[in-house]
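Working notes, beginning with the structure itself.
The values are calculated or read from the model by the stated rules, or taken from the named source; none is laboratory data. Keep in mind that what you see is a predicted model, and the values were worked out from it rather than measured. Note: ideal-geometry Cβ built from the backbone for every residue, glycine included; neighbour counts use all protein chains shown.
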Amino acid sequence: MDSFVTNGLSFIVFKFMKRIAVKEGERYGRLIILKESIKKIRGRRTFTCLCECGNKKDVIGDNLRMGTTKSCGCLQRELLSNRRETHKMTKTAEYNTLSRMKQRCFNKKHQDYKNYGERGITVCNSWLKFENFLEDMGKKKKGETIDRINNDGNYCKENCRWTDWETQANNRRGNVILEFEGNKLTIAEWSRKTGINRKVLEMRIRAGWSIRKSLETRTRKYQMRKNK
């Protein structure tokens with residue numbers, strides 16, 4: 001890109017493009033060019049502009065010409081504010097749930113990113129808009145949390161549900177499922193069903209006990225309690 005000034009006009013010349021004149025007083029979106037700035041951004045010429053809101057901003061010349069920059073930043077803030085006003089639910093539990101979901105999947109600095117985004121888990125495109133998420137999932141009830149049915153799957157309508165913490169804990173990644181007499185339950189669920197401590201069941205399985213022996217062998221503490 002070359003540039004030159006003649007007769008008070010500043011010109012920007014792009015390769016394979018026609019020469020473009022950037023003139024003081026011209027308007028681009030909400031910006032009016034006041035003068036050419038002495039500073040450069042990434043080696044490119046900039047122009048000091050006055051925004052309709054009253055703020056001044058130095059803008060790269062070809063960003064003005066191509067319409068990439070239309071304001072000092074106030075336009076984007078207004079559009080964001082308008083989108084929020086559409087549903088007026090930015091402080092709700094549902095909005096916070098989606099916000100945390102996006103952080104886990106997209107923010108590499110988030111403490112849980114390694115368990116979500118780094119594993120390839122993402123949020124479906126439809127849910128990047130809050131209204132679509134709310135329409136698919138509805139409002140959450142007290143004590144409920146978002147749960148992925150397939151823990152290796154993405155956040156989407158087909159793979160998500162509102163559940164209580166106990167159900168989600170039973171579905172978390174790494175849970176061991178034991179099948180016995182036609183029933184498939186997690187160790188935590190077998191513990192509640194048999195009365196055998198969960199940690200005892202885990203130790204038995206790691207020690208190589210059969211599922212039947214693990215579930216049917218009563219501990220001394222359990223037998224003493226039953227005989228009272």
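When the residues of the stretch 47-70 are filtered to those that are farther than 12 Å from residue 33 by Cα and either part of a helix (DSSP H, G or I) or among the basic types (Lys, Arg) (or both), which remaining residue is farthest from the chain's Cα centre (by Cα)?
This residue is 62.
Can residue 79 be described as surrounded by 13 or more Cβ atoms within 10 Å (Cβ to Cβ), at pLDDT below 85 and out of contact with any helix residue (DSSP H, G or I) (no Cβ under 9 Å at 6 or more places or on another chain)? Lay out the reasoning, then the answer.
Values: surrounded by 13 or more Cβ atoms within 10 Å (Cβ to Cβ): no; at pLDDT below 85: yes; out of contact with any helix residue (DSSP H, G or I) (no Cβ under 9 Å at 6 or more places or on another chain): yes.
Judged against the criteria, residue 79 is not a match.
Rundown of residues vs (1) outside the structural domain of residue 29 (by TED's automatic domain parsing); (2) surrounded by 12 or more Cβ atoms within 10 Å (Cβ to Cβ); (3) among the polar types (S, T, N, Q), yes/no style:
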| position | (1), (2), (3) |
| --- | --- |
| 59 | no, yes, no |
| 62 | no, yes, no |
| 70 | no, yes, no |
| 94 | yes, yes, no |
| 100 | yes, yes, no |
| 113 | yes, yes, no |
| 126 | yes, yes, yes |
| 141 | yes, no, no |
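Of the residues in the stretch 143-162, how many are among the β-branched types (Val, Ile, Thr) and either surrounded by 15 or more Cβ atoms within 10 Å (Cβ to Cβ) or modelled with pLDDT of 85 or more (or both)?
Residues meeting the conditions: 2.
Does the stretch 163-182 contain at least one residue that is at pLDDT 80 or above, exposed (fewer than 12 other Cβ atoms within 10 Å of the Cβ), in contact with a helix residue (DSSP H, G or I) (Cβ under 9 Å, 6 or more places away or on another chain) and more than 29 Å from residue 94 (Cβ to Cβ)?
yes
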